[in-house]
2 protein chains.
Amino acid sequence: MSLNEDLQAIVYHFGEMASRWGFNRTVGQMLGLIVLTEEPLSAEQIGQSLNISRGNISMAAKELQSWQLIRVHREPGDRKDYYVANGSIWELAQQVMSERSKREINPTLSLMRTQLMTSENDDSRLPAYSKQQIQQVHDLLELFTLWFADVQNMKQEHIKALMKMGAGVGKVLELKDKLIPR
Amino acid sequence: MSLNEDLQAIVYHFGEMASRWGFNRTVGQMLGLIVLTEEPLSAEQIGQSLNISRGNISMAAKELQSWQLIRVHREPGDRKDYYVANGSIWELAQQVMSERSKREINPTLSLMRTQLMTSENDDSRLPAYSKQQIQQVHDLLELFTLWFADVQNMKQEHIKALMKMGAGVGKVLELKDKLIPR
DNA sequence: TTAATGTTTCAGTAATTTCTGAAAGTTTAG
DNA sequence: CTAAACTTTCAGAAATTACTGAAACATTAA
């Protein structure tokens with residue numbers, strides 16, 4: 001199963017970017033391959049395309065399933081697992097954002113929340129300046145969390161609307177300023 | 001230079017989260033320490049607080065400067081470098097987002113752009129389905145890039161406005177739907 | 001059942017990333 | 001200039017992360 005040259009370039013690029021996106025090379029390559037391929041792919045096919053071991057494929061598939069980015073498709077009368085992308089590009093992106101928000105933001109948010117609580121009325125715990133800074137980070141992370149939660153509920157149509165608007169949050173805010181009398 | 005216990009907990013937490021945020025443990029710890037400390041810190045003080053080698057501090061400082069998250073402060077009549085956070089929490093967050101967008105999105109965006117161009121009128125290059133999917137990813141990444149650029153231009157006041165609104169993009173879009181007659 | 005056809009696990013190995021500390025480099029007071 | 005006070009670099013060591021492949025496990029057709 002040798003890959004189309006251009007496709008291979010993108011798949012390998014996904015592999016290289018993977019560590020920046022929060023997973024390892026194999027997971028990145030497999031995600032690329034599965035997302036860009038119309039047909040469901042068996043572990044065997046994936047192994048031939050990417051030259052990786054059976055065990056590695058199994059672990060990467062598990063990881064991609066834990067991110068809910070792929071799912072298993074089965075053909076009647078065939079015991080093999082075939083992997084497919086778990087939705088549209090937009091749905092996959094939502095999934096990645098949600099998962100990354102969970103892993104990159106939530107733990108810090110809860111630690112800070114706890115510390116701000118316990119040091120609330122106890123000046124002996126944190127220096128005032130540190131407390132202020134922690135509060136600032138906390139509030140910002142909370143805002144991001146709200147945004148991400150919001151993005152979860154955005155449908156494709158909303159995305160298209162945003163795309164047509166040409167710019168983002170700032171423009172929308174200006175709009176709001178103009179439209180809402182104060 | 002031993003650290004306040006609560007502060008230490010956060011600083012170490014920053015170290016643990018660092019790899020998820022795109023840097024290594026030392027860089028994460030140093031960022032935490034510098035951001036939460038009011039006084040400019042020398043390499044020596046940092047070394048004592050975090051128990052890391054001189055070389056490691058130097059490399060981490062370089063990394064943080066390349067992200068524009070810290071800058072060097074010098075006292076007259078003192079040859080030491082003292083490190084300080086390069087702005088408010090919001091400015092630092094903007095910086096991180098901008099840098100991550102550069103590292104996580106731009107390379108993929110340009111590869112895809114190039115491939116979509118060269119395969120535009122050449123059906124022999126990419127399967128139609130792959131081309132579609134690549135286009136979708138490309139468009140979404142472009143939208144993210146626009147959003148991030150927008151965030152660059154948002155001032156603290158805008159952020160506060162957004163925080164007061166309680167939710168994010170979705171609500172603003174609903175607002176727009178209601179206010180703009182079609 | 002059972003044998004064939006798969007998948008998963010995991011111990012050991014390989015690859016990659018990070019850290020140390022000594023040597024080289026830089027800056028400035030005198 | 002020179003020497004003291006710092007900072008940076010970088011080769012090798014340590015720590016971490018990822019990968020392989022063989023053995024264990026699971027499923028199903030006959």
Could we say that residue B:58 is within 18 Å of residue B:18 (Cβ to Cβ) and under 23 Å from the mean Cα position of the chain (by Cα) here?
yes
With the requirement that a residue be within 13 Å of DNA strand D (Cβ to nearest atom) and under 27 Å from residue A:124 (Cβ atoms), what does region B:5-28 give you?
B:12, B:15, B:16, B:17, B:28
Hey, residue B:97 hits all of (1) under 26 Å from residue B:9 (Cβ atoms); (2) open to solvent by less than 40 Å² (accessible area, probe 1.4 Å); (3) more than 22 Å from the chain's Cα centre (by Cα) but one; which does it fall short on?
(3)
Considering only region A:104-163, how many residues are more than 28 Å from residue A:22 (Cα to Cα), of a type outside the set (Gly, Ala, Ser) and not in a helix (DSSP H, G or I)?
7
Determine which single condition residue B:150 fails, assuming it passes every other condition in (1) more than 16 Å from the chain's Cα centre (by Cα); (2) within 7 Å of chain A (Cβ to nearest Cβ).
(1)
Report, ordered by the first and then the second residue, all pairs with beta carbons closer than 9 Å, sequence separation of six or more or different chains, a first member in region A:36-53 that is closer than 18 Å to residue A:5 by Cα and more than 14 Å from chain B (Cβ to nearest Cβ), and a second member that is within 11 Å of DNA strand D (Cβ to nearest atom) and part of a loop (DSSP other than H, G, I, E, B).
A:46/A:52; A:47/A:53
Filter result for residue B:116 (in contact with a Gly (Cβ under 9 Å, 6 or more places away or on another chain) and either at pLDDT 90 or above or facing chain A (nearest Cβ under 10 Å) (or both))
no
Can we say residue B:22 is more than 18 Å from the chain's Cα centre (by Cα) and either modelled with pLDDT under 95 or farther than 19 Å from residue A:134 by Cβ (or both)?
no
Got a sec? Which of B:124, B:130 is free of Cβ contacts under 8 Å to residues at least 24 places away in the same chain, outside the structural domain of residue B:14 (by TED's automatic domain parsing), open to solvent by 70 Å² or more (accessible area, probe 1.4 Å) and of a type in the set (Ser, Thr, Tyr)?
B:124
Considering only helices (runs of 4 or more DSSP H) wholly within region A:1-89, the ones with at least 1 residues that are outside the structural domain of residue A:100 (by TED's automatic domain parsing), touching a strand residue (DSSP E or B) at 6+ places or on another chain (Cβ under 8 Å) and open to solvent by 60 Å² or more (accessible area, probe 1.4 Å) are A:54-66
Under 6 Å by Cβ, and 6 or more places apart or on different chains, what pairs join a residue from region B:83-97 that is aromatic (Phe, Trp, Tyr) with one that is surrounded by fewer than 17 Cβ atoms within 10 Å (Cβ to Cβ)?
B:90/B:156
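The values are calculated or read from the model by the stated rules, or taken from the named source; none is laboratory data. Note that the structure is predicted; figures quoted are calculated from it, not measured. Positions of Cβ are generated from backbone atoms using ideal geometry, with glycine treated the same way; all protein chains shown enter the neighbour counts. Calculation scope for accessible area: heavy atoms of the full protein, side chains included, ligands and nucleic acids excluded. Shrake-Rupley method; radii C 1.70, N 1.55, O 1.52, S 1.80 Å.
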